[in-house]
Protein chains: 2
Amino acid sequence: MILEGKLLIGQSAVRGTEAAVHGVNPAKNQLLEPDYPGASQADIERACQLASDAFDGFRITSPLQRAELLEAIASEIEAIGQPLIERAQLESGLPEARLIGERGRTCNQLRLFAGLLRSGAWQELRIDPALPSRTPLPRSDLRYQLMPLGPVAVFGASNFPLAFSVAGGDTASALAAGCPVVVKGHPAHPGTSEWVGRAIQRAVASCGLEDGVFSLLFGEGNALGQALVADPRIKAVGFTGSRGGGMALMQIAQSRPEPIPVYAEMSSINPVILFNGALQQDEGVTQGFVTSLTLGAGQFCTNPGLLLAVEGAELNQFLSQAGELLSTQVAQTMLTPGIHSAYEQGVAVLAAHPAVTTLARGCSTTGPNQCQPGLFQVQADAFIQNPLLHNEVFGAACLVVSCRDYAQLKQVLEQLEGQLTATLFMDESDLPRAKEIFPLLERKAGRILANSWPTGVEVTHAMVHGGPFPATSDSRSTSVGSSAIRRFQRPVCYQDIPDALLPDSLKDSNPYAMKPVIDGAH
Amino acid sequence: MILEGKLLIGQSAVRGTEAAVHGVNPAKNQLLEPDYPGASQADIERACQLASDAFDGFRITSPLQRAELLEAIASEIEAIGQPLIERAQLESGLPEARLIGERGRTCNQLRLFAGLLRSGAWQELRIDPALPSRTPLPRSDLRYQLMPLGPVAVFGASNFPLAFSVAGGDTASALAAGCPVVVKGHPAHPGTSEWVGRAIQRAVASCGLEDGVFSLLFGEGNALGQALVADPRIKAVGFTGSRGGGMALMQIAQSRPEPIPVYAEMSSINPVILFNGALQQDEGVTQGFVTSLTLGAGQFCTNPGLLLAVEGAELNQFLSQAGELLSTQVAQTMLTPGIHSAYEQGVAVLAAHPAVTTLARGCSTTGPNQCQPGLFQVQADAFIQNPLLHNEVFGAACLVVSCRDYAQLKQVLEQLEGQLTATLFMDESDLPRAKEIFPLLERKAGRILANSWPTGVEVTHAMVHGGPFPATSDSRSTSVGSSAIRRFQRPVCYQDIPDALLPDSLKDSNPYAMKPVIDGAH
């Protein structure tokens, strides 16, 4: 199995003709072969047209057929074996164990949606039966289902080369919904992307589905992404990346003759509130914090970038322990030179800010593109007055905001933008204070945690990986967990439609596991 | 009970200080007293601040409490009695029977959401229980619910002075979700709005809820609406009106520092396909068509503005009968002078177009602002070449597109923008052809009907009043029916949160009717 540096358009593999992207080994600052010449406008058009042509056929496949597709993708990914892990390591600088775990999550994710399709209520079927003898007017037979939006453009993310990339959560949920997918492969891991893309190609073929169900394109710069989002055949967008990138895509999507939804996960500093009771007990809070902060060089959307606590002896002791622990953390290679230089810049801004104290730095770097962790502190007044300090620093940096009292801590929270997560460390004695700020956290975040760190994101039914702007562009959804499928669906009502025309799931003889809600009665 | 011409801000009633709006009796072109001076910036701020202050308290009221609020609003509206109907008649020109029916629908709508709150699955509760002994890592306890977005700005619509105005579908679904509402009263029926607004005020007070749960503002021109949508305390918008108006609000909402969702229902010509089999049988199709077209002077979002059929003897006979029937229809007063002049203009464009034939007009007008129905015809080629002919003409005008064959009919459908409805008139013999275009209709419309006219919109669980752009700004939702509540909700996940902090519905002791889905098992 060799990497060919090709675009995957339906079942074909073609060399692009535009400026190429290259993987880079960030641990050595070395270009990786092969190069991936970019998609031309004609390539983009072809992928979108194939997706559009495949849509009507794909969306009426049975849930079982789509479950089989998702399971086949998972198996094909596993079948690549060690070469996939090695290539992902080379391209991302992430450790092997992490990538093996991430592959497991990726396949679990695909299988979660397969399970949902087999048994879940993902189509929200509703039937209000006809009432022919109702007066003054009879009622028609009304049937309701969610149907897929149409072809979806998925943008691979750099920080999860498997779980949020070519066959990641966006792709899995879009395919589950019945939407063909056109992926813009992340330029940081084109080789990993090609192999995973070929796994999907094989699964599409072995399941006997139409070519256009899946394509994978590469392109340098922003032109490919912009063209995809502007293409009239694309009906929704899944994106994980920077705030600037997400905002640009939202702008394009809204300016189309037909605006489309963009699900962009963009920016979150994930405030963690350390109550005094919890600090007094500690019980692993310090260790947990440093582990969570430095996990994967801090390159998680849910990295704890902001600690809030009331100043005093408890906080001082926590910070001195945490600083000590942090200073022993070795530097880890970051995903790309670009991410590394953005981290360096973000940390430099913190370090140079007159109101910010540097509490601790991790071990010095020993190679290129390494992340030296950092712990910084600022008084709440200064934090409130400097919105610049509210920005995400992607990597293992955390800013501690020390507050005069809980009233001020609440003020700080009020100032924050929308977040993916908000976390409380508390014990029984903190309950009254936690109660007071809890409603605020519900308004600010998509997930609220008590006494555990936000970096672990379970892929289950009750997970929400989303949140108010700018955490995401659309707080009404999640990008992780089974309810992510809802992003790519819209309701359609069928009024007095003859059985022969109804979708199978709404026929009286409904062959699927999903049962409709009749007259609203659950 | 007299009308005072006041803004209702929380429980207060105050005279505005800006340029006033006046009701107009469209049947006589007469200004109606009192005047309604517009809201100042300070009034807007106050209403939004009250709504924002009320949010946390309102959203944690029990479903039962909110059900009682909705039922109290319905009772208060009914208690106004005949004066409300008379005022609505004066302001809208709509007949008494229609307004009595519309009041019934309005109250049913409020009670539908009350019923949903009492027993429905509107919060989509999910629990993935903790797995403390899972390896390699234990799983946290994860609980999921939909929570309300925050204060909602609702724009009253002119064409449903009761059912889509102050206490209409948007208000009912937003209040049901737990969102405080600030209504911009439609300037065409301020008196009706004041009375309904006061009914809501009384209901809010009698239910012991916070003032800010509801406010009603008036204002001339676009400034009030723009200020409301731009206000950072407003978190979502419900709007029914013109395409231009809806697009302007979408633009403002997207340009905010924190973009918010806009649910704008804007424009639909509701294509009706008359298959030959159905035309041969007729069986009331002609009569049904003319009744649907002229109902309420055609001022329905779901008015059948476009008929598609294959040219031939069957179509000719249908058109000659429909034309004859139409020519006997009396002219009806339209809602406002503005709507009437837009109708006249739209009809003039059709009549003057070289490719369009005027098949029939209804009876001549006998008073101001009357709608003289119109039936027009164009060949499919010309229709395809003239996108101008695809525009909605709001009122009792219909354009018949005659197609060479079914392939061309399909071409015409492909050219259409998104629609609220698409309708098939067909019999058994038409089934193969209907099957061929059905997938296209699913992609284009929010509701598909067979052998009935789209103007009746049931308020039930399976209804979809929505559709792809520009029918609405957000095809993922409906503005009629119980699933409209989903527009004003977003998911939140609670991870390992102590029982004392969990929302009641997610506590182990959940006191409500709604049961969570455990581990995805329905």
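The values are calculated or read from the model by the stated rules, or taken from the named source; none is laboratory data. The structure displayed is predicted, hence computed values, not measured ones. Please note: Cβ atoms are built from the backbone with ideal geometry, for glycine as well, and neighbour counts cover all protein chains shown. Note: accessible area is taken over every heavy atom of the protein model, side chains too, but ligands, DNA and RNA are not part of it. Shrake-Rupley method; radii C 1.70, N 1.55, O 1.52, S 1.80 Å.
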Subject >> Any chance B:PRO190 is more than 15 Å from B:LEU149 (Cβ to Cβ), touching a Gly at 6+ places or on another chain (Cβ under 7 Å) and either buried (at least 24 other Cβ atoms within 10 Å of the Cβ) or modelled with pLDDT under 95 (or both) >> reply: yes
Original post:
Here are some residues: B:GLY101, B:GLY93. Which one is more than 14 Å from every other protein chain (Cβ to nearest Cβ), open to solvent by 20 Å² or more (accessible area, probe 1.4 Å) and either out of contact with any helix residue (DSSP H, G or I) (no Cβ under 6 Å at 6 or more places or on another chain) or among the small types (Gly, Ala, Ser) (or both)?
Top reply: B:GLY93
Original post:
Exactly one of (1) charged (D, E, K, R); (2) assigned to a loop (DSSP other than H, G, I, E, B); (3) open to solvent by less than 10 Å² (accessible area, probe 1.4 Å) is unmet by A:LYS28. Its number?
Top reply: (3)
Subject >> Checklist (1) of a type in the set (S, T, N, Q); (2) outside any loop (DSSP other than H, G, I, E, B); (3) touching a Phe, Trp or Tyr at 6+ places or on another chain (Cβ under 7 Å) applied to A:THR455, failing item >> reply: (2)
Original post:
Where residues in the stretch A:229-268 are buried (at least 20 other Cβ atoms within 10 Å of the Cβ) and acidic (Asp, Glu), which of them is nearest to A:ALA51 (Cα to Cα)?
Top reply: A:ASP231
Original post:
Given A:ALA42, A:ALA72, which one is away from chain B (no Cβ under 14 Å), closer than 22 Å to A:GLY120 by Cα and at pLDDT 95 or above?
Top reply: A:ALA72
**OP:** Among the residues of the stretch A:28-62, write down those that are under 17 Å from A:GLY208 (Cβ atoms) and in contact (Cβ under 8 Å) with a residue 24 or more places away in the chain.
**Re:** A:LEU50, A:ASP53, A:ALA54, A:PHE55, A:GLY57, A:PHE58, A:ARG59, A:ILE60, A:THR61, A:SER62
**OP:** Determine whether B:PRO387 is facing chain A (nearest Cβ under 8 Å) and surrounded by fewer than 18 Cβ atoms within 10 Å (Cβ to Cβ).
**Re:** no
**OP:** Look through B:ASP508, B:ASP499 and report the one residue that is modelled with pLDDT of 95 or more, more than 8 Å from chain A (Cβ to nearest Cβ) and within 30 Å of A:ALA434 (Cα to Cα).
**Re:** B:ASP499
Subject >> Criterion (modelled with pLDDT under 95 and either over 30 Å from B:HIS186 (Cα atoms) or touching a Ser or Thr at 6+ places or on another chain (Cβ under 8 Å) (or both)) met by exactly one of B:PRO387, B:PRO354, B:PRO432 >> reply: B:PRO387
**OP:** Kindly check whether there is at least one residue in the stretch A:459-467 that is more than 7 Å from chain B (Cβ to nearest Cβ), in contact with a Ser or Thr (Cβ under 7 Å, 6 or more places away or on another chain) and open to solvent by 10 Å² or more (accessible area, probe 1.4 Å).
**Re:** yes
**OP:** Would you be able to tell me the number of residues in the stretch A:189-208 that are in contact with a strand residue (DSSP E or B) (Cβ under 7 Å, 6 or more places away or on another chain) and in a loop (DSSP other than H, G, I, E, B)?
**Re:** 1
Original post:
Can we say A:SER483 is over 23 Å from A:GLY245 (Cβ atoms), crowded, with 24+ Cβ neighbours inside 10 Å, of a type in the set (Ser, Thr, Tyr) and within 8 Å of chain B (Cβ to nearest Cβ)?
Top reply: yes
Original post:
In the stretch A:437-458, what count of residues is obtained for those that are polar (S, T, N, Q) and more than 9 Å from chain B (Cβ to nearest Cβ)?
Top reply: 1
**OP:** For the stretch B:423-443, name all the residues that are without any contact (Cβ under 8 Å) to a residue 40 or more places away in the chain and among the charged types (D, E, K, R).
**Re:** B:LYS435, B:GLU436, B:GLU442, B:ARG443
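Could you check how many residues of the stretch B:399-436 are part of a helix (DSSP H, G or I), open to solvent by less than 10 Å² (accessible area, probe 1.4 Å) and within 12 Å of chain A (Cβ to nearest Cβ)? Outline the logic, then answer.
Filtering the stretch B:399-436 down to residues part of a helix (DSSP H, G or I) leaves B:406-415, B:428-436.
Filter again for open to solvent by less than 10 Å² (accessible area, probe 1.4 Å), leaving B:408-409, B:412-413, B:430, B:434.
Checking which are within 12 Å of chain A (Cβ to nearest Cβ) leaves us with B:430, B:434.
Count: 2.
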Original post:
What number of residues in the stretch B:112-156 are away from chain A (no Cβ under 14 Å), modelled with pLDDT of 95 or more and crowded, with 24+ Cβ neighbours inside 10 Å?
Top reply: 3
Original post:
Out of the stretch B:42-81, which residues are farther than 25 Å from B:ARG103 by Cβ and basic (Lys, Arg)?
Top reply: B:ARG46, B:ARG59
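With respect to A:ARG476, determine if the residue is within 23 Å of B:ILE485 (Cβ to Cβ), surrounded by fewer than 21 Cβ atoms within 10 Å (Cβ to Cβ), facing chain B (nearest Cβ under 9 Å) and at pLDDT 95 or above. Give the steps one after another, and end with the answer.
Working: within 23 Å of B:ILE485 (Cβ to Cβ): yes; surrounded by fewer than 21 Cβ atoms within 10 Å (Cβ to Cβ): no; facing chain B (nearest Cβ under 9 Å): yes; at pLDDT 95 or above: yes.
Here the answer is no, as A:ARG476 does not meet what is asked.
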